[in-house]
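Participant: Quick one: the structure is below, questions incoming.
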Amino acid sequence: MRICSVILLLFLIACSGKEAYSEFRSFPNSEWDLHEAVRFKAPIKNISQAYDIFFEIRNTNDYSYRNLWLFVDYQMPKGQVRSDTINVELADDYGKWYGTGIGLFSYTFPYELNVQYPDTGTYTYTIRQGMRNNPLTGISDIGLIVRKKTDQ
């Protein structure tokens, strides 16, 4: 038990300086309503730093598809909005889930890499599912991770 605690502590120390923002939202009963938008508000204080932005999807074996369509609205502090449509492949051609887990699978994928935010302030990411199922069964959580770029 003591070894596990030491390993966990070392992992947390190694990762502590990279993440500028990380947050997850859970869906009750692993069901994402078609009209439910998930919002993340990432405060950016250092615009001289480049960032990598990731989404993380957690799905169960009850998810019926290989992919997941997402509609993403990205709002800057001064109000400008950009919209993206993303097709996320969650499984290979044979149905093997990407990511890690047993029963609940966690898959982290890049949204944008080497981002240079133009202004300090709060950047809002709003995400909706685009699969048209209501509710979409088998998606447990979605997260946004903003990491400081380390290879500068």
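Participant: When Lys and Arg each count +1 and Asp and Glu each count -1, what net charge do the other residues less than 14 Å away from R58, Cβ to Cβ, add up to?
Facilitator: -4
Participant: Right, something else. List the pair-distance distribution P(r) of the chain, using every Cα-Cα distance, as the percent of pairs falling in each 10 Å bin from 0 up to the bin containing the longest distance, rounded to whole percents.
Facilitator: 10, 36, 32, 19, 3
Participant: I've got another one for you. Mind checking region 47-114 for chymotrypsin sites (Phe, Trp or Tyr not before Pro) that DSSP puts in a loop (not H, G, I, E or B) and that have at most 10 other Cβ atoms within 10 Å?
Facilitator: Sites meeting the loop and neighbour criteria: Y94.
Participant: Extension gain R25-V115, at 0.36 nm per residue separation less the Cα-Cα distance, in nm?
Facilitator: Length gained, R25 through V115: 30.1 nm.
Participant: Mind checking which of Q49, Q80, Q129 has the largest fluctuation in a GNM of the chain, springs on alpha carbons under 10 Å?
Facilitator: Q80
Participant: Using the structure shown, select from K41/K149; K18/K96; K41/K78 the pairs with a Cα to Cα distance greater than 22 angstrom.
Facilitator: As for pairs spanning more than 22 Å Cα to Cα, those are K18/K96.
Participant: Moving to a separate point now. What are the residues whose amide H is under 5 Å from the amide H of V88, where those residues sit 5 or more places off or on another chain and H is modelled from the backbone?
Facilitator: So V88 has HN proximity to L68, W69, L70.
Participant: Compute the relative contact order of the chain as a whole-number percentage, counting only Cα pairs closer than 8 Å that sit 6 or more residues apart in sequence.
Facilitator: Relative CO of the chain lands at 45 percent.
Participant: Which loop trypsin sites (Lys or Arg not before Pro) in region 48-130, with loop taken from DSSP, have no more than 12 other Cβ atoms within 10 angstrom of their Cβ?
Facilitator: The qualifying sites are K78, K96.
The numbers here are math on the coordinates, done by the rules we state, and not lab data. Keep in mind it's a predicted model, so treat the numbers as computed, not measured. Neighbour counts run over all protein chains shown; Cβ positions are idealised from the backbone, glycine included.
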